[in-house]
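What follows is a short report on a single structure.
The values are calculated or read from the model by the stated rules, or taken from the named source; none is laboratory data. All of these numbers come straight from a predicted model, not from anything done at the bench. Because the Cβ atoms are built from the backbone with ideal geometry, glycine has one as well, and the counts that use them run over all protein chains shown. The area values use the complete protein model at the heavy-atom level, side chains included, leaving out ligands, DNA and RNA. Shrake-Rupley method; radii C 1.70, N 1.55, O 1.52, S 1.80 Å.
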Amino acid sequence: MKILLTGGAGYIGSHTAVELIEAGHELVVIDNLSNSSVKSLRRVEAITQRDIVFHRVNLADLSGVREVFSSESIDAVIHFAGLKSVNTSLRDPIRYYQNNVGSTLILLQVMAEFGVHKLVFSSSATVYGIPQELPVSETAGVGFGITSPYGRSKSMIEQILTDASLAEPKLQIAILRYFNPIGAHVSGRIGEDPRNTPSNLLPYVSQVAIGLRKKVAVYGQQYPTTDGTGVRDYIHVVDLAHGHLRALDHLRSGVSTYNLGTGRGYSVLEVIEAFSRVSGRDIPLEIVAARSGDVAMSFADVEKAKRELAWVAERTLDDACRDVWRWQLQNPRGYDD
Ligand code: WQD
């Protein structure tokens, strides 16, 4: 298939691009590069020895998006593009809604104009807010206690997709709820490249390990978990990428929603310990106050993806730490080197 990746130059988009190409698909990427670098795509081309058609277009630009659809004959869309900082979304909610929700509306409008009906959407476990059950399954309540406009924008888009599919039976949509993506491609050529101070755990830990930062601030040790620190379901980005392939292969009429996680949780201290062991570096840490909006535990019920998509995460936390460390050593300043 010829697949359009919105936000395809980003962390998850670039890793998915590799796996799609290796599965024989042809790719068209649109990205405004607001939080990514075109170098990631050049490296995907180097890894796969195949070309990627790239359009530097903002998804909010209706005529720009139309031009891409009229110049390429698109079979399916994987929609990664979106702003993703929880913190920034609290300070600038309008921009988040405008960008994430607004650009999805434009994408849906243009897909309809060009008769493209297949869509895989990057959603997030954040739509579960404070999980009502653990492991949290796709049937759990959504929207209760979502703590940021970022998270609400994902939840709103899920609702929009559901309404759109009710009105247009030809639509085939998969909503993928990512848990905590970590890791990097095994080549060390592509990985996560945060522009500013990382707010996610793994990139921060990795920058401490290499000496770019002094110590990890562990946000709270008062949670009702084994060691008191927050527990998350960390999923290797390459496993996540495979989940997209499977979702694409299994698209059917209507909206199907899947958790993409491993099904098991690790605490912050367990993650730091694993990274320290794998990298052989000391990782100083300090316990500080809990971060507002954090939940104690979140991990996925992965049965539905296993049953319907024949997909399970195969890589371990140690694998992910090794891959992040390789990426960090080979690219101490990310794509800026
Ligand atoms: C993981 C754990 C922190 C940093 C967020 C978004 C979610 C998403 C992924 C986005 C928590 C602790 C973290 C640090 C720490 N999607 N931590 N010190 O909060 O589960 O999810 O990122 O695009 O939507 O909400 O991930 O990596 O920030 O935190 O102690 O410096 O690590 O408290 O327990 P989170 P995270």
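Hey, can you tell me all the residues within the range 179-200 that are outside any strand (DSSP E or B), open to solvent by 40 Å² or more (accessible area, probe 1.4 Å) and near the ligand (Cβ under 8 Å from one of its atoms)?
SER199, ASN200
Filter the range 314-337 down to the residues that are within 19 Å of ASN180 (Cβ to Cβ) and open to solvent by 30 Å² or more (accessible area, probe 1.4 Å) and list them by number.
Pass one, the range 314-337, residues within 19 Å of ASN180 (Cβ to Cβ): 314-325, 327-328.
Residues satisfying the conditions are GLU314, ARG315, THR316, ASP318, ASP319, ARG322.
Does any residue of the range 258-267 turn out to be out of contact with any Phe, Trp or Tyr (no Cβ under 7 Å at 6 or more places or on another chain) and aliphatic (A, V, I, L, M)?
No, the range 258-267 contains no residue that is out of contact with any Phe, Trp or Tyr (no Cβ under 7 Å at 6 or more places or on another chain) and aliphatic (A, V, I, L, M).
Looking at the structure I just gave you, is GLN221 part of a helix (DSSP H, G or I), open to solvent by 20 Å² or more (accessible area, probe 1.4 Å) and within 12 Å of the ligand (Cβ to nearest atom)? Reasoning before the result, please.
On the way: part of a helix (DSSP H, G or I): no; open to solvent by 20 Å² or more (accessible area, probe 1.4 Å): yes; within 12 Å of the ligand (Cβ to nearest atom): yes.
No.
Consider GLY143 carefully, then state whether it is of a type outside the set (Asp, Glu), out of contact with any strand residue (DSSP E or B) (no Cβ under 6 Å at 6 or more places or on another chain), surrounded by fewer than 18 Cβ atoms within 10 Å (Cβ to Cβ) and more than 21 Å from HIS250 (Cα to Cα). Even if it seems obvious, please write down each step before you answer.
Numbers: of a type outside the set (Asp, Glu): yes; out of contact with any strand residue (DSSP E or B) (no Cβ under 6 Å at 6 or more places or on another chain): yes; surrounded by fewer than 18 Cβ atoms within 10 Å (Cβ to Cβ): yes; more than 21 Å from HIS250 (Cα to Cα): yes.
Yes.
May I ask you to list the residues in the range 88-131 that are open to solvent by 40 Å² or more (accessible area, probe 1.4 Å), farther than 18 Å from ASN180 by Cα and assigned to a loop (DSSP other than H, G, I, E, B)?
Scanning the range 88-131 gives ASP92, PHE114, GLY115, HIS117.
Checking the conditions here, which among LEU20, LEU41, LEU33, LEU4 is assigned to a loop (DSSP other than H, G, I, E, B), open to solvent by less than 50 Å² (accessible area, probe 1.4 Å) and not polar (S, T, N, Q)? Show your work before the answer.
Working: LEU20 fails: assigned to a loop (DSSP other than H, G, I, E, B); LEU41 fails: assigned to a loop (DSSP other than H, G, I, E, B); LEU4 fails: assigned to a loop (DSSP other than H, G, I, E, B).
Exactly one residue qualifies, and that residue is LEU33.
If you check every pair at least six apart or on different chains, which have Cβ atoms under 7 Å apart with a residue in the range 191-218 that is farther than 17 Å from ARG333 by Cβ first and a residue that is within 11 Å of the ligand (Cβ to nearest atom) and small (Gly, Ala, Ser) second?
From residues that are farther than 17 Å from ARG333 by Cβ, the pairs are SER199/SER85.
Condition first: free of Cβ contacts under 8 Å to residues at least 12 places away in the same chain and either open to solvent by 60 Å² or more (accessible area, probe 1.4 Å) or not acidic (Asp, Glu) (or both). Now tell me which residues in the range 44-60 satisfy that. Outline the logic, then answer.
Taking the range 44-60 as the starting set, the residues that turn out to be free of Cβ contacts under 8 Å to residues at least 12 places away in the same chain are 45, 49, 51.
Of everything in the range 44-60, those that are free of Cβ contacts under 8 Å to residues at least 12 places away in the same chain and either open to solvent by 60 Å² or more (accessible area, probe 1.4 Å) or not acidic (Asp, Glu) (or both) turn out to be GLN49, ASP51.
Could you go through the range 227-245 and let me know if any residue there is part of a loop (DSSP other than H, G, I, E, B) and open to solvent by 30 Å² or more (accessible area, probe 1.4 Å).
Among the residues of the range 227-245, at least one is part of a loop (DSSP other than H, G, I, E, B) and open to solvent by 30 Å² or more (accessible area, probe 1.4 Å), which makes the answer yes.
So, in the range 153-175, of the ones that are in contact (Cβ under 8 Å) with a residue 40 or more places away in the chain and within 12 Å of the ligand (Cβ to nearest atom), which residue ends up farthest from LEU245 (Cα to Cα)?
SER153
Please find, within the range 112-132, the residue that is farthest from TYR258 (Cα to Cα) out of those that are away from the ligand (no atom under 13 Å from the Cβ) and of a type in the set (A, V, I, L, M, F, W, C).
Just the residues of the range 112-132 that are away from the ligand (no atom under 13 Å from the Cβ), to begin with: 112-121, 132.
Still in the running and of a type in the set (A, V, I, L, M, F, W, C): 112, 114, 116, 119-121.
Working: ALA112: 24, PHE114: 27, VAL116: 22, LEU119: 14, VAL120: 11, PHE121: 10 Å.
Going through the qualifying residues, I end up with PHE114.
Return the total of residues in the range 246-287 being within 17 Å of the chain's Cα centre (by Cα), open to solvent by 20 Å² or more (accessible area, probe 1.4 Å) and closer than 25 Å to GLU133 by Cα.
Taking the range 246-287 first, the residues within 17 Å of the chain's Cα centre (by Cα) are 246-248, 257-263.
From what's left, open to solvent by 20 Å² or more (accessible area, probe 1.4 Å): 246, 257, 262-263.
When the remaining residues are screened for being closer than 25 Å to GLU133 by Cα, the result is 257, 262-263.
Of the residues in the range 246-287, 3 are within 17 Å of the chain's Cα centre (by Cα), open to solvent by 20 Å² or more (accessible area, probe 1.4 Å) and closer than 25 Å to GLU133 by Cα.
May I ask you to verify whether THR229 is over 23 Å from VAL18 (Cβ atoms), of a type outside the set (A, V, I, L, M) and out of contact with any Lys or Arg (no Cβ under 9 Å at 6 or more places or on another chain)? Give the derivation first.
Details: over 23 Å from VAL18 (Cβ atoms): yes; of a type outside the set (A, V, I, L, M): yes; out of contact with any Lys or Arg (no Cβ under 9 Å at 6 or more places or on another chain): yes.
Yes: the conditions hold for THR229.
Of all residues in the range 163-198, which are out of contact with any strand residue (DSSP E or B) (no Cβ under 6 Å at 6 or more places or on another chain), hydroxyl-bearing (Ser, Thr, Tyr) and modelled with pLDDT of 95 or more?
Once the filter is applied, which keeps residues that are out of contact with any strand residue (DSSP E or B) (no Cβ under 6 Å at 6 or more places or on another chain), hydroxyl-bearing (Ser, Thr, Tyr) and modelled with pLDDT of 95 or more, the range 163-198 yields only SER187.
For the range 201-218, give me each residue that is more than 7 Å from the ligand (Cβ to nearest atom) and among the β-branched types (Val, Ile, Thr). Outline the logic, then answer.
Keep residues of the range 201-218 that are more than 7 Å from the ligand (Cβ to nearest atom), which gives 203, 205-215.
Across the range 201-218, the qualifying residues are VAL205, VAL208, ILE210.
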